[in-house]
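S.K.: The structure's right below; bear with me while I get my questions together.
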Amino acid sequence: MILPGPADPRAVSTTVREVIDLHTHSTESDGSESPARVVELAAAAGCLAVALTDHDTMAGLPEASAAASASGTVLVPGCELSCLGPPPTGGGPARAAHVLVYFAEAEDGPLHDELVVLRGDRARRNGAMIERLQAAGLPVTWDAVVARAGTAEGVGRPHIAAVLVAVGAAEDAQDAFDRWLVPGRPGFVPKARLHPADAAVLAQASGGVTVLAHPLSLGLAPAALERYVGELAAAGFAGIEAVYGRYRPDERRALGRLARRFDLVATGGSDFHGAFKPDLSVGTGTGDLDVPDDRLDALAARRAA
C-alpha cells in the first residue's frame, strides 16, 4: 500500500519499533533496479516501510505500490529534487542541495506540474551532454545510453558514465564523472534547479513535506551548515537526513543534534541505486544503517493540516 492511506492522510500506525528506509532510487531515474524490486529488497531486509525517491519523478509509484501490497511493506511516496545550494566552505562553485519530498500527490498539484518541467529540462540536458561528448571525439550514442537506463525517461549521468566506461573513455564510473561529467569537464551541462524554499512551498501545496538529503555533501563547515539548516527550517523544511547510508556514527550523531537544534526530524535512508552505488543496500546502507520507524511518524505529523 501507499502511505498515507485514504482514510486518514496524516496517520501512520507503527506499534513495534522496526527499521525503515526513506531514500531509494529505481530505474525510473538513476537506479539499476525496478520499482518493484526496490520494494522486494526492502521487505527482504526487514523494513517496515520504504520510500521510493526517484529524481524528478514519481512514475515508479504504481509499480512499487503493487509490490508493497504483495509484501506487506509500507510504501512512502516520494521524489528527490536537485536544488540550488550554498557555496561550499573554502570557495568553489555551489553544490546542489538535494531535497527529498514525501507524501506529495503524485498525479496532481503544484509539485507535479514542476516535476513535468524538470523532466523536460533533464531530457534537454542529457541530449546536450551526449552531444558534447561526441564533439570531444567519444563514441557515446543516445541509443547506448538508453540501453543502460532501460527507458529514455530514466536516463541520467550514471548511465552516460557507464557508456563512457564501456567505450574505454574511463576506468570506472567515478573516473567517468571526474574526467567528463562534473562542472568544468568537457561533457558537463548544468541543469535547472529550484531554490530549496520554493521546493518546500510546492511540496506543502501538494500535501507533502521536505527533507534535506545527505547534508554533508554540501561541503559546508559546521558553523555554515548550522546556519544553512536554520534557514531551511525557517523556510518550512520538516527534517534533515541525519542517518545516511554512508555516514559514520559520529557524523550521524552530530546531524541528529543539529536536527534537534532546529526542531527538525532526523530522518534516514540508504540512498540505494543498485549497481550504480554497489556499496549501498536497501535498509542497511553499508551494513550499519538503522533508521527507526518513529521518524516516519514524526514526518507524517509535520504535514500541513
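S.K.: So, in region 206-225, exactly how many residues are more than 20 Å from the chain's Cα centre (by Cα) and surrounded by 15 or more Cβ atoms within 10 Å (Cβ to Cβ)? Walk me through how you get there before you give the answer.
M.R.: Step one: of region 206-225, the residues more than 20 Å from the chain's Cα centre (by Cα) are 221-224.
In the following step, the residues that additionally are surrounded by 15 or more Cβ atoms within 10 Å (Cβ to Cβ) were identified as 224.
Qualifying residue count, region 206-225: 1.
S.K.: Report whether or not A136 is exposed (fewer than 14 other Cβ atoms within 10 Å of the Cβ), touching a Gly at 6+ places or on another chain (Cβ under 9 Å), of a type in the set (G, A, S) and without any contact (Cβ under 8 Å) to a residue 60 or more places away in the chain.
M.R.: It is true that A136 is exposed (fewer than 14 other Cβ atoms within 10 Å of the Cβ), touching a Gly at 6+ places or on another chain (Cβ under 9 Å), of a type in the set (G, A, S) and without any contact (Cβ under 8 Å) to a residue 60 or more places away in the chain.
S.K.: In region 68-77, is there at least one residue being at pLDDT 95 or above, in contact with an Asp or Glu (Cβ under 8 Å, 6 or more places away or on another chain) and not hydroxyl-bearing (S, T, Y)?
M.R.: no
S.K.: Please specify each residue of region 124-173 satisfying the condition of being of a type outside the set (A, V, I, L, M, F, W, C) and assigned to a loop (DSSP other than H, G, I, E, B).
M.R.: G137, P139, T141, G150, T151, E153, G154, G156, G168, E171, D172
S.K.: Another question, if that's okay. When you go through V50, V39, V117 one by one, which is the residue that is surrounded by fewer than 18 Cβ atoms within 10 Å (Cβ to Cβ) and of a type in the set (V, I, T)?
M.R.: Exactly one of V50, V39, V117 is surrounded by fewer than 18 Cβ atoms within 10 Å (Cβ to Cβ) and of a type in the set (V, I, T), namely V117.
S.K.: Pairs please, first residue from region 262-291 and over 10 Å from H25 (Cβ atoms) and without any contact (Cβ under 8 Å) to a residue 60 or more places away in the chain, second anywhere and part of a helix (DSSP H, G or I) and acidic (D, E), Cβ atoms under 9 Å, 6+ apart in sequence or on different chains.
M.R.: F262/E226
S.K.: Which one of these is out of contact with any Asp or Glu (no Cβ under 9 Å at 6 or more places or on another chain) and under 14 Å from A192 (Cα atoms): A106, A97, A135?
M.R.: Only one candidate passes the filter, namely A97.
S.K.: Looking only at region 53-66, filter to residues that are surrounded by 24 or more Cβ atoms within 10 Å (Cβ to Cβ) and not charged (D, E, K, R); which one of those is farthest from F276 (Cα to Cα)?
M.R.: Top of the filtered list is A64.
S.K.: Sort out which residues of region 108-118 are touching a Leu at 6+ places or on another chain (Cβ under 9 Å) and outside any helix (DSSP H, G or I), and write them in order of number.
M.R.: Across region 108-118, the qualifying residue is only G109.
S.K.: Still on this structure, please answer the following. Would you check which residues across region 207-251 are within 14 Å of R302 (Cβ to Cβ), in contact with a helix residue (DSSP H, G or I) (Cβ under 8 Å, 6 or more places away or on another chain) and outside any helix (DSSP H, G or I) and list them?
M.R.: Step one: filter region 207-251 for residues within 14 Å of R302 (Cβ to Cβ), giving 207-212, 232-233, 235-240.
Cutting the leftovers down to in contact with a helix residue (DSSP H, G or I) (Cβ under 8 Å, 6 or more places away or on another chain) gives us 208-212, 232, 235-240.
Of everything in region 207-251, those that are within 14 Å of R302 (Cβ to Cβ), in contact with a helix residue (DSSP H, G or I) (Cβ under 8 Å, 6 or more places away or on another chain) and outside any helix (DSSP H, G or I) turn out to be G208, V209, T210, V211, L212, A235, G236, F237, A238, G239, I240.
S.K.: Scan region 67-102 for residues that are surrounded by 15 or more Cβ atoms within 10 Å (Cβ to Cβ) and not in a strand (DSSP E or B) and jot them down. Step through it out loud before you land on a result.
M.R.: Step one: of region 67-102, the residues surrounded by 15 or more Cβ atoms within 10 Å (Cβ to Cβ) are 67-68, 71, 73-86, 88, 95-102.
Selection gives A67, A68, S71, T73, L84, G85, P86, P88, R95, A96.
S.K.: With respect to R148, determine if the residue is more than 29 Å from A44 (Cα to Cα) and of a type in the set (D, E, K, R). It would help to see each step written out before you state the result.
M.R.: Values: more than 29 Å from A44 (Cα to Cα): no; of a type in the set (D, E, K, R): yes.
The answer is no for R148.
S.K.: Still on this model: Among the residues of region 252-287, write down those that are among the charged types (D, E, K, R), at pLDDT 95 or above and not in a helix (DSSP H, G or I).
M.R.: D263, D271, D279
S.K.: Same structure, new question: Report, ordered by the first and then the second residue, all pairs with beta carbons closer than 8 Å, sequence separation of six or more or different chains, a first member in region 189-212 that is closer than 30 Å to E131 by Cβ, and a second member that is part of a loop (DSSP other than H, G, I, E, B).
M.R.: P190/P183; R193/L84; R193/A96; L194/L84; H195/L84
S.K.: Do the conditions hold for L138, that is, is it in contact with a helix residue (DSSP H, G or I) (Cβ under 8 Å, 6 or more places away or on another chain), closer than 27 Å to A97 by Cα and modelled with pLDDT of 95 or more?
M.R.: Numbers: in contact with a helix residue (DSSP H, G or I) (Cβ under 8 Å, 6 or more places away or on another chain): yes; closer than 27 Å to A97 by Cα: no; modelled with pLDDT of 95 or more: yes.
Judged against the criteria, L138 is not a match.
S.K.: Which of (1) farther than 30 Å from L220 by Cα; (2) in a helix (DSSP H, G or I); (3) over 15 Å from the mean Cα position of the chain (by Cα) is the odd one out, the single condition D121 does not satisfy?
M.R.: Failed condition: (1).
The values are calculated or read from the model by the stated rules, or taken from the named source; none is laboratory data. Here the structure is a predicted model, which means the values were calculated and not measured. Because the Cβ atoms are built from the backbone with ideal geometry, glycine has one as well, and the counts that use them run over all protein chains shown.
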